[in-house]
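**Student:** Structure below; questions to follow.
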Amino acid sequence: MNRKPHVAVLPNLGLGHLIPQLEFAKRLVVHHGIHVSLLLITTNEPSPAQDQLLSSSHLPPDLHIVPLPPVEVDKKIINDGDVLVLTRLCVITDHSLRSLKSVLIALGKPNALVTDIFATQAFDVCKELLIPTYVYVTTSAAFSAFMLYLPKLDSDVNCEFIDLPEPIQVPGCSPIRTHDLLDQARNRKIDEYKWLLHHFSRLPLASGIFVNSWKDLEPVSIKSIKENPFFKQIPTPPIHPIGPIIKQEETLSVVDVECLKWLDKQPPDSVIFVTFGSGGTLSFEQQTELAWGLELSQQRFIWVVRKPTDSTGAGTFFNAGETNENDPKVYLPEGFLDRTQGVGFVVSSWAPQVTILGHHSTGGFLSHCSWNSVLESIVHGVPLVTWPLYAEQRMNSTMLVEDIGVAIKPKMEAGQQNIVGRKEIERVVGMVMEGEEGKVIRSRVKELKESATKALDSSGSSYESLSCVANYWKANHN
């Protein structure tokens, strides 16, 4: 009989949710002696990226993958361009969690369940089964504070949040400029906002909130959630900063190995890594400007190039030739690869991000600022150029530049909506790699790299924060 406490962890769809919660599950098993069942939301649609991640991960003996019964995804929901990503995710999750009760009973009713912020339906099931339920927040402590504040903001404000004359003041935290708001909160009439409000309103029902951050990175937001009278009166569940938890291993393809061999030949801190995560794409016009900017900067670079998306319809031009679909040359200015040969390395669609960021030759990261990417960059001491695309990334970008001091943000071209021009790209890339401001943020990110290591040490704040909860589970384990 297994005498260890048994905890179920329920991530949501998408690698941005699965990766940190898989790593969290591993830490529970390896460092804290917990038996973990990782519950997977599955659909009838294949997920090759998820399958590859799980098949290539070295799972410790007490971590078991438990797929929930697959959801038959309505093709109309998936293919309807008017149904946005968060709504699709929430609808699929809602269907999937109808099987949660029977799965938890079959597992012998775990001692606790840790669920995703967009899977709060689990609260109702676990309340019925008398299982304590925690939430794992895959974003920052600052965003956690916003989540907890949103129901109050919703009741106090009648207009659209983006029409407010002043920034949004989350109690005790840095103000949020309205143009930095996540997309789902920019239109309160749409389903995406209603799902957001629904799940965020339920966070106080949790037994605790795990946040993938640490005290030195976000001291103000963490202190505010713990001590500010507003959050106390909600009442906010105990908050447990346990980060930075990042991906620890990557399977390398032949192209990845070739890329790393090229990186091995470059001087220390000389290469800027350019990528927009697992889901980010640029318009054709913006991708062209980025190519010219990198070339003009004369800095060494690794660039993950994808097929552009273009609202003007130019992106559909590339659909004709399936064989050229993944050839970067098709999407780049004529002669770009020849002119940058030896200085740049262009790869298609994906590169081993954690391995590249951890390489001694990598000295900068042009990133879309997902929280996973932010943490990976800081853990490896790499300063950022921020290029937010969606979700809460604009909020992350502003925090990295203004509060944490590890990033530079490019300015939009005057008169060009949502386009960063080539000269501005040349400027910020040169600045982060060689400029005086780059030296300052490089020094700051190296400090936080050391701080991150200490936080996860056996005497560190994040280790102790998670250990406190694990010990509680052990003490209350039957």
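The values are calculated or read from the model by the stated rules, or taken from the named source; none is laboratory data. What you see is a predicted model; the values in this text were computed from it and never measured. Positions of Cβ are backbone-derived with ideal geometry, glycine not excepted, and every protein chain shown enters the neighbour counts. These accessible areas exclude ligands, DNA and RNA; they are computed on the full protein's heavy atoms, side chains included. Shrake-Rupley method; radii C 1.70, N 1.55, O 1.52, S 1.80 Å.
**Student:** At 1.4 Å probe size, with no ligands or nucleic acids counted, give the accessible surface of Asp264 in Å², nearest ten.
**Tutor:** 90 Å²
**Student:** For segment 254-452, with all protein chains present and a 1.4 Å probe, just round the carbon and sulfur fraction of the accessible area to a whole percent.
**Tutor:** 51 percent
**Student:** I want the local charge near Ser361. Using Cβ-Cβ distances under 10 Å, sum +1 for each Lys or Arg and -1 for each Asp or Glu among the other residues.
**Tutor:** Details: positive: Lys265, Arg300; negative: Asp264, Asp269.
Value of the local net charge: 0.
**Student:** In segment 254-452, with Lys and Arg counted as +1 and Asp and Glu as -1 at Cβ, which of these residues, Gln341, His368, Val432, has the Cα nearest the positive end of the dipole, that is, farthest along it?
**Tutor:** Final value for the positive-end residue is Val432.
**Student:** Could you check the simple spin-label distance between Glu128 and Ile190, using points 7 Å along Cα→Cβ, in nm with one decimal?
**Tutor:** Result: 3.3 nm between the two label points.
**Student:** Another one. Starting from the exponent 0.38 and prefactor 2.2 Å, build the expected Rg for segment 254-452 from its residue count and divide its actual Cα Rg by it. It would help to have the intermediate numbers written out before the result.
**Tutor:** Working: Rg = 16.0 Å, N = 199, 2.2 N^0.38 = 16.4 Å.
Dividing the Cα radius of gyration by 2.2 N^0.38 Å gives 0.97.
**Student:** What distance in nm lies between label points placed 7 Å from Cα along the C-beta direction at Ile162 and Trp262?
**Tutor:** Placing both labels 7 Å along Cα→Cβ, they lie 3.8 nm apart.
**Student:** A further question follows. What figure, in Å² to the nearest 10, do you get for the accessible area of Glu72 with a 1.4 Å probe and non-protein molecules left out?
**Tutor:** Result for Glu72: roughly 150 Å² accessible.
**Student:** Over 23 Å between Cα atoms: which of Lys329/Lys411; Lys101/Lys232; Lys261/Lys329 fall into that group?
**Tutor:** Lys329/Lys411; Lys101/Lys232
**Student:** Could you give the accessible area per residue of the chain, probe 1.4 Å, as a whole number in Å²?
**Tutor:** Numbers: 20810 Å² over 478 residues.
Ligands and nucleic acids excluded, the result is 44 Å² per residue.
**Student:** How much solvent-accessible surface does Trp262 expose, in Å² to the nearest 10, with a 1.4 Å probe and all protein chains in place?
**Tutor:** It works out to around 30 Å².
**Student:** If you don't mind, there's one more thing I want to ask. Fully extended, how many nm does the chain gain between Arg177 and Ala106 (0.36 nm per residue separation, minus their Cα-Cα distance)?
**Tutor:** Details: separation 71, 0.36 × 71 = 25.56 nm, distance 4.72 nm.
Net length gain for the segment: 20.8 nm.
**Student:** Identify which of the listed values of Cα extents along the principal axes in Å was calculated from the structure shown: (i) 66, 52, 50; (ii) 69, 62, 57; (iii) 63, 62, 55.
**Tutor:** Step by step, Cα extents along the principal axes in Å for this structure corresponds to label (i).
**Student:** For the residue pair Lys226 and Ala475, what label-to-label distance in nm results when each label sits 7 Å from Cα along the Cα-to-beta-carbon direction?
**Tutor:** About 1.8 nm, to one decimal.
**Student:** So what is the calculated 222 nm ellipticity per residue for the chain, using -39500 (n - 2.57) for each DSSP H run with n of 4 or more, over all residues, to the nearest 500 deg cm²/dmol?
**Tutor:** Numbers: 19 runs with 199 residues, N = 478.
So the calculated ellipticity at 222 nm is -12500 deg cm²/dmol.
**Student:** Follow-up question, since we're still on this one. Quick check: residue separation of Glu402 and Ser348 times 0.36 nm, minus the Cα distance between them. What number comes out in nm? If you can, show how the numbers build up before the last one.
**Tutor:** Values: separation 54, 0.36 × 54 = 19.44 nm, distance 3.26 nm.
That pair, Glu402 and Ser348, stretches by 16.2 nm at full extension.
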